[in-house]
Amino acid sequence: MKIFIVHAHPEPQSFCTAMKDTAVETFQSLGHEVQVSDLHQMNWNPVASSNDFEVRSQPDYLVYALEQREAYKSGKISPDIQAEIDKLKWCDVLIFNFPMYWFSVPAILKGWIDRVFISGFCYGGKRFYDQGGLKGKKGLMAFTLGGREHMFGEDKIHGDMSTMLRPLLRGSMAYVGLSVLPPFIGWHVPYITDEDRQILLKQYREYLTNLDQLEPLSFPSLANFDDRMMPKI
């Protein structure tokens, strides 16, 4: 397999970075190819703007998704975005590796999604969910957070984790056609012992080694909706 890891942690000595390194080592030991985009090391620009397009189809008013489509079609999209699109095309599995910030991804990773999951390739028209541009590829999130596992769930203090992750799992990964695998979560990482961190890394290795045995999460299929996207009876 070809694995593309998008890593979004500013500290090279962090546990989150250790998870990224563990993934690289595990996949390479299994004979897979790996590419990593370390967003902080790359000094990735997270801000979507008119600078993302060498030529504008509508120079007087920016409709970002429209310009994405036109620039991608004409080969006039910013080189940093094109390089990431090339990695998306290359990979079989996309992994987002990050620390959870405010029930979501860090801004630098959100900006990667905004700028790289482009209209005209990843989505657009009826190109979404199981017909999205990344159909046939797998996606997963591996992240760390400070909360304890018992804090998440129905009627728990932080609510259900699946609800919290819906904008990412459904609104980002599934929307562009990825077959989304259950996330791997490093619970309470800033507060646990080094021994417990090693146990987590061992669990992550086992998780990655058995990716093919994981059941993807369920999301809508366009076959169940009509041309107006109303449910078929």
Net charge over other residues, Cβ less than 13 angstrom from the Cβ of ARG69 (K, R count +1; D, E count -1): +1
Dividing the alpha-carbon radius of gyration of the stretch 1-101 by 2.2 N^0.38 Å, where N counts its residues, gives 1.28
Please give the FRET efficiency for ASP194 paired with ASP92, using the beta carbon to beta carbon distance and R0 = 35 Å, rounded to the nearest 0.05. 0.55
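Test of understanding: express the Cα radius of gyration of the stretch 99-217 as a ratio to 2.2 N^0.38 Å, with N the residue count. Can you show the working numbers first?
Working: Rg = 15.6 Å, N = 119, 2.2 N^0.38 = 13.5 Å.
Normalised by 2.2 N^0.38 Å, the Cα Rg of the stretch 99-217 equals 1.16.
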Checked against the positive end of the charge dipole of the stretch 2-224 (+1 on Cβ of Lys and Arg, -1 on Cβ of Asp and Glu, about the Cα centre), the farthest of MET161, LEU208, SER49 is SER49
Test item: Cα-centred dipole of the stretch 2-224, Lys/Arg +1 and Asp/Glu -1 on Cβ, debye: 640 debye
Over the Cα atoms of the stretch 131-189, what is the Rg over Rh ratio if Rh follows Kirkwood? 1.05
Could you give the length gained on full extension between ASP160 and GLU215, defined as 0.36 nm per residue of separation minus the Cα-Cα distance, in nm? 17.8 nm
Could you work out how far apart the two model spin labels at GLU54 and SER104 are, taking each label as a point 7 Å from the Cα in the direction of the beta carbon, and quote it in nm? 3.2 nm
Reduced Cα scattering model of the stretch 2-224, Debye log10 I(q)/I(0), q = 0.13 Å⁻¹: -0.79
Between ASP21 and LYS232, Cβ-based FRET efficiency (R0 41 Å, step 0.05) works out to 0.30
Cα convex hull of the stretch 57-156: how many Å³ per residue? 154 Å³
Given the rule -39500 (n - 2.57) for each run of at least 4 DSSP H residues, summed and divided by the residues of the chain, what is its mean residue ellipticity at 222 nm, to the nearest 500 deg cm²/dmol? -9000 deg cm²/dmol
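Taken together, the values in this text are just the output of simple stated rules run on the coordinates, not laboratory data. These numbers were taken from a predicted model, which means no experiment stands behind them. No Cβ is skipped: glycine too gets one built from the backbone with ideal geometry, and neighbour counts run over all protein chains shown.
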